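Asker: My questions will all concern the structure given below.
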Amino acid sequence: MLAEIKGLNEECGVFAIWGHEKAAEMTYYGLHALQHRGQEGAGIVTTDGEKLNLHKGVGLVNDVFSEDEFSRLKGHAAIGHVRYATQGGGGYENVQPLVFRSQKNSMALAHNGNLVNAHALKSQLEAQGSILSTTSDTEVIAHLIKRSGNVPIEEAISSALGMIKGAYAFSILTEDQLFIGLDPRGLRPLSIGRLGDAYVVASETCAFDLIGATYEREVRPGELIVIDNDGFRTSQFTSPLQRTLCSMEYVYFSRPDSDLNELNVHASRKTMGKQLANEAPIEADVVTGVPDSSISAAIGFSEATGIPYELGLIKNRYVGRTFIQPSQELREQGVKMKLSAVRGIVEGKRVVMVDDSIVRGTTSRRIVRLLKEAGATEVHVRIASPPIQNPCYYGIDTSTKGELIASSNSVDEIREIIGADSLAFLSTEGLEASIVADRDKQEHGVCQACFTGNYPTEIYPDTVIPAYKD
Ligand code: SF4
């Protein structure tokens, strides 16, 4: 579904490259491919071996960068970032990468995820005299690294990582080194590729395809990679734990042409649709998916049931984002402007409407109404993920518990609220079977905490759920 109206938002996307004469340009293209992961700000930092060069700004990648910037962004290595703004956390100063300059060595940081002990660490740092100038977790990581004093930076990063808890996939660029790291549970996706002799790193493999890079492997949970003129070195800053990669990456966030943990996202969504058809079959005339992220699951549902797949809903591609306003009423209008039901397809038909998830229920209710207004005789809603009942603490905006329709309503109550003739969700077992290639492999596990409430890390009493802009 459409992020702006659904209330589900990814926090960020990261990209990095080492050893390419057009490092800034490659990063720009990489960020384009990752634009769906954050539309509020973008930035690139390069190194020419002597100094770090930064350009960043609020807005889409295309708004932030013009040709002129690339003459300043010189260097053979770069890191880049696209970001989704949190409430009170928007604005230029929070756009990443963040650069910390000092006499000896400077560093730039970009990170995706959310630290569950950020609040405690901020209090500790402030008590020890640090002055934090942003509301971003990234700055906390930087201060923890900097306060290690004169130890080699690799050691300082390892020691900082030992203190932070939660979900993080990060890149750090100094004048002469690139560092890449992933949290001990591998909650956020991060892959390594090659572009000729250059190394590339991205939140999603679709960024590799766009620049012609080839996929090498996933960054391992708890891994710290160093790339410099001496080559590529890897170590574990902590023993890897059972991986718990975010299952919502498969359900909703990642692009269908990306591979996560060696499983293609489109293929996994088709399997979710097939599983859903097996778990909750229904007699109907057509299957339709809510564009864009639910189409793969709808195709899977259609293949499993033999009910023809049709384009019963169309996305209106050129609606300006500025129309989306936070009030409930305007949000509903937003759905109408963004989606249309195709009368010629659904009129007089029993329709199965496949969607990837239900957050507040507002969007589903509006789409059911759109289909009925266009003449559908019955609308059966099938959701290709389990009910979202718990907030996410790891960098995905799933809203607070009180806003989640499934946290306080049964499936039948939700069916009634959204006006569907029937409603069914995919089971947690069905989801796991669709996205875990090998359950016995430690690196193939997934997080389903927003469905089950079983969080893979400790959650502290003062853990802050990022309050996102609506
Ligand atoms: S709680 Fe949900 S959204 Fe958050 S990391 Fe886990 S699966 Fe992803």
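Asker: Given a Förster radius of 22 Å and the C-beta distance between ASP176 and THR238 as r, what FRET efficiency does 1/(1 + (r/R0)^6) yield to the nearest 0.05?
Answerer: Working: r = 25 Å, r/R0 = 1.16.
With a Förster radius of 22 Å, E is 0.30.
Asker: Ok, one more. Quick check: the angle from helix 328-338's long axis to the longest principal axis of the chain, C-alpha only, nearest 10 degrees?
Answerer: Long axis of 328-338 versus the principal axis of the chain: about 80 degrees.
Asker: Let me ask something additional. Could you work out the relative contact order of segment 37-76? I mean the mean sequence separation of Cα pairs under 8 Å and 6+ apart, divided by the number of residues, in percent. Please report the intermediate quantities before stating the final value.
Answerer: Details: 59 pairs, mean separation 17.4, N = 40.
Contact order relative to length: 43 percent.
Asker: Also: Relative contact order for segment 109-232 using alpha-carbon pairs under 8 Å, separation at least 6, rounded to a whole percent?
Answerer: 23 percent
Asker: While we're here: Between ASN454 and SER408, take the C-beta separation as r, use R0 = 25 Å, and let me know the FRET efficiency to the nearest 0.05. The partial results should precede the final answer.
Answerer: Details: r = 19 Å, r/R0 = 0.78.
FRET efficiency, ASN454 to SER408: 0.80.
Asker: In nanometres, what is the gap between the two model label sites at TYR92 and GLN442, each 7 Å from Cα along Cα-to-Cβ?
Answerer: Here the modelled spin labels are 4.7 nm apart.
Asker: Then there's this: Considering only C-alpha atoms, what is the centroid distance from segment 81-154 to segment 179-220, in Å?
Answerer: 23 Å
Asker: With the cut-off at 1.5 for a/c, could you classify segment 199-270 from its C-alpha gyration tensor as rounded, prolate or oblate? Intermediate values should be presented prior to the final figure.
Answerer: Values: a/c = 3.17, a/b = 1.36, b/c = 2.32.
Taking the square roots of the gyration eigenvalues as a ≥ b ≥ c, segment 199-270 is oblate.
Asker: Follow-up question, since we're still on this one. What ranking of ARG188, ARG194 emerges when the number of other C-beta atoms within 10 Å of each C-beta is taken as an exposure proxy, fewest first? Don't jump to the answer; show the numbers that get you there.
Answerer: Working: ARG188 30, ARG194 15.
Neighbour counts put them in this order, fewest first: ARG194, ARG188.
Asker: What are the ³J(HN,Hα) couplings of segment 400-408, residue after residue, when phi is run through the Karplus curve with 6.51, -1.76, 1.60 and θ = phi - 60°? Round to Hz, x for glycine and proline.
Answerer: 3J(HN,Hα) across segment 400-408, in whole Hz: 7, 4, x, 7, 7, 4, 7, 6, 10.
Asker: Report relative contact order for the chain in percent, whole number only (criteria: Cα-Cα under 8 Å, sequence separation at least 6).
Answerer: Details: 1151 pairs, mean separation 72.5, N = 470.
Once divided by the residue count of the chain, the mean separation gives 15 percent.
Asker: Listed here are the pairs LYS270/LYS338; LYS122/LYS441; LYS56/LYS146; LYS165/LYS274; LYS372/LYS401; which of them are more than 27 Å apart at the Cα?
Answerer: Values: LYS270/LYS338 24 Å; LYS122/LYS441 36 Å; LYS56/LYS146 23 Å; LYS165/LYS274 36 Å; LYS372/LYS401 30 Å.
Table pairs above 27 Å Cα-Cα are LYS122/LYS441; LYS165/LYS274; LYS372/LYS401.
Asker: What ranking of HIS32, HIS20 emerges when the number of other C-beta atoms within 10 Å of each C-beta is taken as an exposure proxy, fewest first? Write out the running numbers ahead of the final one.
Answerer: Working: HIS32 19, HIS20 22.
Ordered by Cβ neighbours within 10 Å, fewest first: HIS32, HIS20.
Asker: Would you calculate the separation in nanometres between label points at VAL342 and ALA267, each defined as 7 Å from the Cα along the Cα-to-beta-carbon direction?
Answerer: Going from the VAL342 label point to the ALA267 one covers 2.8 nm.
Asker: Same structure, new question: Kindly give the semi-axes, whole Å and largest first, of the ellipsoid equivalent to the chain, taking each as the square root of 5 times a Cα gyration tensor eigenvalue.
Answerer: Numbers: eigenvalues 311, 97, 90 Å².
Gyration-tensor ellipsoid for the chain: 39, 22, 21 Å.
Asker: Express in nm, to one decimal, how much length is gained between GLU416 and ASN229 on full extension, taking 0.36 nm for each residue of separation and deducting their alpha carbon distance. The partial results should precede the final answer.
Answerer: On the way: separation 187, 0.36 × 187 = 67.32 nm, distance 6.19 nm.
My answer for the length gained is 61.1 nm.
Asker: Can you put GLU67, GLU432 in order of Cβ neighbours within 10 angstrom, beginning with the fewest? Spell out each step's value before the answer.
Answerer: Working: GLU67 6, GLU432 17.
Neighbour counts put them in this order, fewest first: GLU67, GLU432.
Asker: Kindly write out, for segment 154-171 in residue order, the coupling ³J(HN,Hα) from the Karplus curve 6.51 cos²θ - 1.76 cosθ + 1.60 (θ = phi - 60°), rounded to whole Hz, with x marking Gly and Pro.
Answerer: 3J(HN,Hα) across segment 154-171, in whole Hz: 4, 5, 5, 5, 4, 5, 5, 5, x, 9, 8, 10, x, 10, 7, 10, 9, 10.
Asker: With a Förster radius of 25 Å, plug the Cβ-Cβ distance of GLN128 and ASN105 into 1/(1 + (r/R0)^6) and report the FRET value to the nearest 0.05.
Answerer: Numbers: r = 21 Å, r/R0 = 0.86.
Once rounded, the FRET efficiency stands at 0.70.
Asker: Here is a follow-up. What are the radius of gyration and Dmax of segment 68-185, computed over its Cα atoms and given in Å?
Answerer: Rg and Dmax of segment 68-185, Cα atoms, are 14.2, 43 Å.
Rule-based calculations on the coordinates, nothing more; no lab input. Everything quoted here is computed from the prediction, not taken from an experiment. All Cβ positions, glycine included, derive from the backbone under ideal geometry; neighbour counts span all protein chains shown.
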